[in-house]
Amino acid sequence: MPSPETCATAANIVNDVLHHGHSLDSTAVKRLKLQPAQNHSEIREIAWGSVRWAYRYRRLLQQKLHKPIRSQDTILENLLLCAFYQYEHLNAPDYAITSGAVEAANLLGRGHAKNLVNGVLRAHLRDPAFITAEQEEAQYATPMWLLSCLREAWPDDWKDIVDSYNSRPPLTLRVNTQFTSRSNYMLRLAEAGVDSTASNLSPWAITLAKPRSVLRVPGFSDGLVSVQDAAAQLSPCFLGPLQGLRVLDACAAPGGKTGQLYELATDTTSITAIDLPDRTNLIRENIQRLKGHVDIIDGDVTEPDRWWDGKPYDRIILDAPCSGSGVIRRHPDIRVLRRHTDIPRFSCNQLNMIQQLWPLLRRGGCLLYITCSIFPAENDAVIELLLENTKDACSVPSDYSLGESTRFGRQFLPCSEGDGLYYAIVQKC
């Protein structure tokens, strides 16, 4: 049962996102440091869930308020959103959730508003508010601009995509085949009483029936498995064998793809990972846990003159920064913080990154372009512009059978198996 301290911390995290525009990940790191470790998972559950359903709960809250909450008291609004989420999604008595929220108001320095919190929540329980079909933002818990983009891009799939956005993400592992096989590791999980299923999307992926702390995942600390979405594990399916190749993993943090490259490499494979200086520690931590070694560069991929040694690469992987429209269930703050006008900006930056990296690729080499977006403007449209403006670039069709075939690549839509990712191969011909 959530304590008042848990409710207050979750409300602060939600307020940091919805009112101050911070990311969930960044504010959670700051806020959770001040709370006991045993409360972290419950705080995250409430905060992530409240942000996920914010567009719905805000509408419901409006129906129960006689007047809007003052801007200096937005923490109260977000405390109420957290309570709404708990009523609907947590297995706790309604009276306990109400009491916890009222006491949390006191902890948040809003003791004068305890009666307001109590009154709104009791009114909600006594006569629940409702959403009409015309109130689409609230019905789908998604901003209208995003709904419009989804309908345009995926007219037959947009409702399934939104359902995915509103679901809890699975915990998927990638088996390190240097040490064990997927089937053997699943036997180890079964012996530990952990239910799991083999993914149909990735030959290395296992999805746990119930998410758990990585510290309670058998063999995680020893590098037997890594946490990585199944759709994000597919780079090797597009790159082919790496023996004897010089490989660059660009925009590599947090290092999931880098670690997988290391696991599948041979002694004759040379792997270099690059990202901005404030992000490369994440790569180093992942590689150290795998007991591996790759060259890691602190640098900007758009400024290769500052870090490239002049030797061409056989393969370049660019996992480009994007809208994140394919991973919203993992990062629900995306639909709160992102704007329609961000998409053209991302597309421009993505094309610039490819063009800056292109001279580093040897003739006959391939660049694998990846995004966690499901919008064509960030995917096929970027590759089309590259091909139009680069004489020695040619698209290479993939023989990978899963996902949606697009003009230049393969699009994976968010679903129960994995997140939404796009892959395209371009060769220097």
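Just so you know, all these numbers are worked out from the coordinates, no wet-lab data involved. The structure displayed is predicted, hence computed values, not measured ones. In this analysis, Cβ positions are derived from the backbone assuming ideal geometry, glycine residues included, and neighbour counts consider all displayed protein chains.
Filtering the stretch 399-414 to residues that are surrounded by fewer than 18 Cβ atoms within 10 Å (Cβ to Cβ) and assigned to a loop (DSSP other than H, G, I, E, B) leaves Asp399, Tyr400, Ser401, Leu402, Thr406, Arg407.
Select, from Ile283, Ile271, the only residue that is in contact with a Phe, Trp or Tyr (Cβ under 9 Å, 6 or more places away or on another chain) and either under 24 Å from Arg330 (Cα atoms) or buried (at least 20 other Cβ atoms within 10 Å of the Cβ) (or both). Only one candidate qualifies: Ile271. Scanning the stretch 132-152 for residues that are buried (at least 17 other Cβ atoms within 10 Å of the Cβ) and not in a helix (DSSP H, G or I) turns up Ala141, Thr142, Pro143. Any residue that is part of a helix (DSSP H, G or I), within 22 Å of Pro2 (Cβ to Cβ) and basic (Lys, Arg) - is there at least one of those in the stretch 60-70? No: zero hits. Residue pairs whose Cβ atoms lie under 6 Å apart, sitting 6 or more positions apart in sequence or on different chains, and linking a residue in the stretch 1-29 that is over 19 Å from Ile328 (Cα atoms) to a partner that is not in a helix (DSSP H, G or I), are Met1/Ala92; Ala8/Leu108; Thr9/Gln35. For His293, the conditions (1) farther than 18 Å from Leu361 by Cα; (2) not in a loop (DSSP other than H, G, I, E, B) all hold with the exception of (2).
Evaluated against (1) outside any loop (DSSP other than H, G, I, E, B); (2) more than 18 Å from Leu421 (Cβ to Cβ); (3) of a type in the set (Ser, Thr, Tyr), Thr177 falls short on exactly one condition, (1). Here the stretch 225-238 is the region considered, the condition is being surrounded by fewer than 20 Cβ atoms within 10 Å (Cβ to Cβ) and not β-branched (Val, Ile, Thr), and the residue that is farthest from Ser270 (Cα to Cα) is Cys237.
Across the stretch 272-284, which residue is farthest from the chain's Cα centre (by Cα) among those that are in contact (Cβ under 8 Å) with a residue 24 or more places away in the chain and in a loop (DSSP other than H, G, I, E, B)? Here the answer is Leu276. Scan the stretch 339-346 and tell me whether some residue there is assigned to a loop (DSSP other than H, G, I, E, B), under 26 Å from Ser199 (Cβ atoms) and not small (Gly, Ala, Ser). Scanning the stretch 339-346 turns up no residue that is assigned to a loop (DSSP other than H, G, I, E, B), under 26 Å from Ser199 (Cβ atoms) and not small (Gly, Ala, Ser). Only residues that are among the small types (Gly, Ala, Ser), out of contact with any His (no Cβ under 9 Å at 6 or more places or on another chain), under 15 Å from Val336 (Cα atoms) and part of a loop (DSSP other than H, G, I, E, B) were counted across the stretch 1-48, and they come to 1.
Being out of contact with any Lys or Arg (no Cβ under 6 Å at 6 or more places or on another chain), part of a helix (DSSP H, G or I) and of a type outside the set (S, T, N, Q) is a description that applies to Ala377. Selection of strands (runs of 3 or more DSSP E) fully inside the stretch 193-271 by the criterion of at least 1 residues being closer than 12 Å to Arg174 by Cα and aliphatic (A, V, I, L, M) returns 196-198, 205-208, 225-227. Among the residues of the stretch 153-174, those that are assigned to a helix (DSSP H, G or I) and among the small types (Gly, Ala, Ser) comprise Ala153, Ser164. When only residues in the stretch 244-268 that are touching a helix residue (DSSP H, G or I) at 6+ places or on another chain (Cβ under 9 Å) and β-branched (Val, Ile, Thr) count, which is surrounded by the fewest Cβ atoms within 10 Å (Cβ to Cβ)? Ranking the qualifying residues of the stretch 244-268, first place goes to Val247.
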